[in-house]
1. So what are the radius of gyration and Dmax for the Cα set of the range 417-544, in Å?
2. Can you pull the Kirkwood radius for the range 155-201, inverse mean 1/r over Cα pairs, to one decimal in Å?
3. Would you mind putting 106-112, 479-485, 621-627 in packing order, based on average other-beta-carbon counts within 10 Å, highest first?
4. If you place +1 on the Cβ of every Lys and Arg and -1 on the Cβ of every Asp and Glu, how big does the dipole about the Cα centre of the range 527-640 come out, in debye to the nearest 20?
5. Return the long-range amide H neighbours of LYS546 (sequence gap of 5 or more, or a different chain), with a cut-off of under 5 Å between placed amide H atoms.
6. Cross-link partners among lysines for LYS419, C-alpha distance below 17 Å, same-chain residues fewer than 8 apart left out?
7. Indicate, rounded to the nearest 5 percent, the antiparallel portion of the DSSP beta bridges found entirely in the range 527-640.
8. Can you list the lysines whose alpha carbon sits under 19 Å from that of LYS546, skipping same-chain ones fewer than 8 residues off?
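Since every read-out is calculated from the coordinates, none of them should be taken as a lab result. Quantities reported herein were computed from a predicted structural model and do not represent experimental measurements. Note: ideal-geometry Cβ built from the backbone for every residue, glycine included; neighbour counts use all protein chains shown.
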Amino acid sequence: MTSTGTRSPGDGQRHGDLDPPTTLIPVTPPAEAPTTALPVQPPNQPVPPPSRPQAQDTAPVAGWWRWLSPVLAALALLLLPVAAATTDLDALDGWGLAKILPPAAWASLALAVAACVAELWSPRPRIPMLGVATAVLILCSVGMPSVVQPTARFTTAWLLAGFTDAIAGTGVPPTGIDARFFWPAFFAQWAFFRDAGGATQLDEVLRWFPPVVVGVWAIGVYALARSMLGGTRTPWVAAWLFVGLNWIEQDYYSPQATGIVLLLTVLTFCLGPLATRRTDAAGVPSWPAAHPDAPKLPLLRRWAVAAMTPPNRPTLPPRQLLLIYFCAALCLLAVAPAHQLTPFAIIGQLAVLAVVGRFRGRGLVIVAVLAVMVYFLIAARDFWMTQLSLITGSGDEEGALQAGIADRLTGDTGQVVVKLLRIAVPGLTWLLAIAGAWVYWRRRRDLVPIALAAVPMAFAAQGYGGEVFLRIVLYGLPILTILGTDALRSLVRRNRAWEKVLAVGMLVTFGTLVLIRGGNDAYMLVTPEDVTMTRQVYAEAPPGSKVMPLSNVGPYGLEGIGEYHRGSNVDGCVHLANDPLRCIDEELPDYLLIYPSIENEGVYLNDKPPGWSQQLVQELVATGNYVVQYQHGFNAVLVKRGMPGWNTPLGGDLP
């Protein structure tokens, strides 16, 4: 006989059966038999999640705190027009831009720093707001000269704009003029942009190029720091530290500025999505510390095993890996025809990463080497055949130190102080990075980052000239600042009181940055009158004329590259101002350009008396070889007698 019964929920819990009701046959056990049923178990209670160390991150953020960083950033931007209107550029001296900046400029910089710090200290920092605050900080520090000066500073930027103009005119780089035309990719790129935009000048591009390209560099450093250090706040500190220590001023309109963008892109790929770590099959993860459970092996054997063990594969899907390989290879191919030194810096750093097995895709090293070799043998062969010392090394390290450091310590008190700071800041950067390398080593047993920063030091033996040390610091600065940030993070973790000290240090660092970067502005300033005067000279001078500046400062090369002669390199007359009367008599330029920056260079850098350039004009006119075609203050154009239009004033929109 059967009957249908319905179980209670307690029965289901007791037997662990959650199926639907079934037909049961009642069985009555003997009264004396002990029951074997399990006791009713209480329902499982949910386990509370472990408490988070940063409990304040989940707390609601006060309304005033949410608006603090945006308000500070907005105030910093509002003060910039006031700073531009109240800066007296005529008061520039050997101390450069920092001495003449009004209080509004310094207040703007302080507010920009405060906006970054306020958002960083927020209980829940917002990535978009941190990005905006970083952009404002760059504009108020690196971009301060672009804000307060009406045109782009830096003579070389105007010269490279002239190179772009030369390629835009014919589409072919002129030969026999400048070695940089052997690497014309940057100039061809901007000539295309200029023609595509229907523009005839790049004046505004030159002016705003430094803050924009430094912003792109900061993005690359942030991405590298995310890969190397992790966290949410630390990568932003690394980006700020990079900007604050980047006094090198290689971010003007130039091929190396684009080269650094490509270098950071490749490093970000290799240390980010392509990053790996060798695993020793004997149980030793990397070197030199052995796994606690593994037998102790000799150090050389561990190195040998690690070198022969292939890196582990990244976890990305194959399609994403293929896309990353393609983009990295494209960057390596693009940098080869763009700059002389940057490809070698990338190859050196990639080789270090490949040897220690830190990224998957070591074929990228082969791509970079082949790109440089092919371009070396085909397009740049004529240059390298006479400049092999740039590759093999000149062996004159003492001469390189003399040209890169000692020869630059000239000028008045302001110039010497600024240049000593340019020596001290890299030294302090390296000390901070070494401390960070120790912290990084203790946490991850990894010395690869410090090796990446040391690779560019190989350029010290090259015969590249005095600027080689600027490039050494610049190529290693991203990794150095990331390591330095790790040292600062370790310091703050030990004692949170250091946060306030570091905030003050950040303000001092960016103030020093403005002083160092603007230290040469007395003779690097370019005025709208300089630009207009130079363009008018090229508009009226016959093609083939010899147009020369009294010294190689000012916008003398903004046009006419390949159409006008630049001099014949008379011995001792690299600058006509070195020995004006003798050099001008031997060179006999058809048009002689004189700018206020040339006057200031002589006064603040070469210990000449004030007004020396005007006195020289009078002496040249007295010789009877030249006449003054235009003069306004320290701006002047002298024309050799007999040239077309020599006895008529310079036209155009000049005062």
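1. Answer for the range 417-544, Rg first and Dmax second: 20.9, 71 Å.
2. Details: mean 1/r = 0.0941 Å⁻¹.
Kirkwood hydrodynamic radius for the range 155-201: 10.6 Å.
3. 479-485, 106-112, 621-627
4. Working: 6 positive and 15 negative charges, 24 e Å.
Dipole about the Cα centre, nearest 20: 120 debye.
5. Amide H neighbours of LYS546, under 5 Å, 5+ apart: HIS565, ASP590, TYR591.
6. Once the sequence-local lysines are set aside, what remains near LYS419 is LYS99.
7. On the way: 10 of 15 bridges.
Within the range 527-640, antiparallel bridges account for around 65 percent of the total.
8. The reachable lysines, counting only those whose Cα sits under 19 Å from LYS546, are LYS640.
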